[in-house]
Amino acid sequence: MMTTSIWENVIEGRLTHTLNEKIIIVKRFYGEDRIAMESCNGVVVVSAIFNDHDKIRQPVGLGSQTLVDTCFFMFIDDITLQGLYDHKLIPQNSPDYKVGVWRIVKVFSEKLYENPAMNGVIPKYLVHRLFPHSKFSIWIDAKLQLMVDPLLLIHSLVVSKDVDMAISKHPYYVHTMEEAMATARWKKWSDIDGLTQQMETYCKNGLKPWTTDKLPYTTDVPDSALILRKHGLGSNLFSCLLFNELEGFNPRDQLGFAFVRDKMNPKLKLNMFEVEVFEKIVVEYRHNLKKTGNVKAVSSGGGVSKKTKRERSHGHLVLTDSSCQNYLLKMWGESHS
């Protein structure tokens, strides 16, 4: 209990400024939106599109009662809203934006982060603050289309497993440092010095590579494009603590995932389901293409635009801290055993 109180104090002390400054973005809506958000008391499915980064994709396979018991909310900014106007998906003077099952909520432009990916982190990890009466939530990246009824997903992946949260394993990586190296190599985040500082900070504070000692956690790296939660102490605490890491470093949430999970007390009850399950319940699409001069580049959520592999410049993490060196030696030893 004492450890829990310490973490709660950390949340209150370190997140107060962030919550006051940033969550207000998605609290100061038109009255109807806020009432609808606070009235959602069952399951809420949440997504976001910033900087016109994706298309709105409708879920399929919904049951006859799903729209009665489930709310669908899509958060967008002014740029995305203009795109919806241009494609005539919503009328310009409509007081109530809706596209298919999704209720469209436009956030206020002031106080947004400069990086669109960080703006998406707010509804992704502070969903329990935005929908205070919802019992369960599903975050789905806008690049995904949901192919299974959300009520069935909550029951099969969360309720029947008696967990706080369900999330897919990463298809390739098991260790946090593998994801960090890939992030640097493919410029998923452009600030390599910042990535180095982040990983060395984690190593110094006890981050270890995955081993069987971490069971029942079966990997340190998730695919966080789909997150299912039971709102309560475990998932709410984890979400706030991870948001704090993203606010402090960068929006690459896979990098801070294991560090927060392993340090957290009480322990998070987590269902990390197989990649094959993920591939059955969602379909993944490419992000919108953006024109950059004479070159079409895929708009990235990280610090730069992602171009083709041939056009990308490679970066490398140079980790000189002894604790990170020990991490790498242990990771490579596990990988080759």
Please compute the length gained on full extension between Tyr172 and Asn93, using 0.36 nm multiplied by the number of residues separating them and subtracting their Cα-Cα distance.
23.8 nm
Rounded to the nearest 10 Å², the accessible area of Arg103 using a 1.4 Å probe with every protein chain kept is 50 Å²
Distant-in-sequence amide H partners of Arg103 (H built 1.01 Å from N, under 5 Å):
Phe72, Phe73, Met74
How much FRET efficiency would the formula 1/(1 + (r/R0)^6) give for Gln197 and Tyr113, where r is the Cβ-Cβ distance and R0 is 22 Å, rounded to 0.05?
0.70
For Ala142, list long-range residues whose amide hydrogen, built 1.01 Å from N in the peptide plane, is under 5 Å from its own amide hydrogen.
Ala48
At 7 Å along the Cα-to-beta-carbon direction for both Asn326 and Trp186, put a label point, then send me their distance in nm to one decimal.
3.2 nm
Give a residue-ordered list of calculated ³J(HN,Hα) values for segment 219-224 (Karplus: 6.51 cos²θ - 1.76 cosθ + 1.60, θ = phi - 60°; whole Hz; x for Gly, Pro).
6, 9, 10, x, 9, 8
Exceeding 32 Å between C-alpha atoms, which entries from my cross-link table qualify? They are Lys111/Lys169; Lys98/Lys214; Lys269/Lys330; Lys135/Lys280.
Lys111/Lys169; Lys98/Lys214
How many nm is it between the label spots at Gln82 and Lys214, if each spot is 7 Å from the Cα in line with the beta carbon?
4.3 nm
What residues qualify as long-range amide H neighbours of Ser190, i.e. H under 5 Å apart, gap of 5 or more or another chain, H built at 1.01 Å from N?
Gly303, Val304
Net charge around Trp139, counting only other residues with Cβ within less than 10 Å of its Cβ (Lys, Arg = +1; Asp, Glu = -1)?
+1
Evaluate the distance, in nm, between pseudo-label points positioned 7 Å from the Cα of Ser39 and of Asp69 along their respective Cα→Cβ axes.
2.0 nm
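The values are calculated or read from the model by the stated rules, or taken from the named source; none is laboratory data. Keep in mind that this is a model prediction, so the values were computed, not measured. With ideal geometry, Cβ positions are generated from the backbone for all residues, glycine too; neighbour counts draw on all protein chains shown. Note: areas computed on protein heavy atoms with side chains; ligands, DNA, RNA excluded. Shrake-Rupley method; radii C 1.70, N 1.55, O 1.52, S 1.80 Å.
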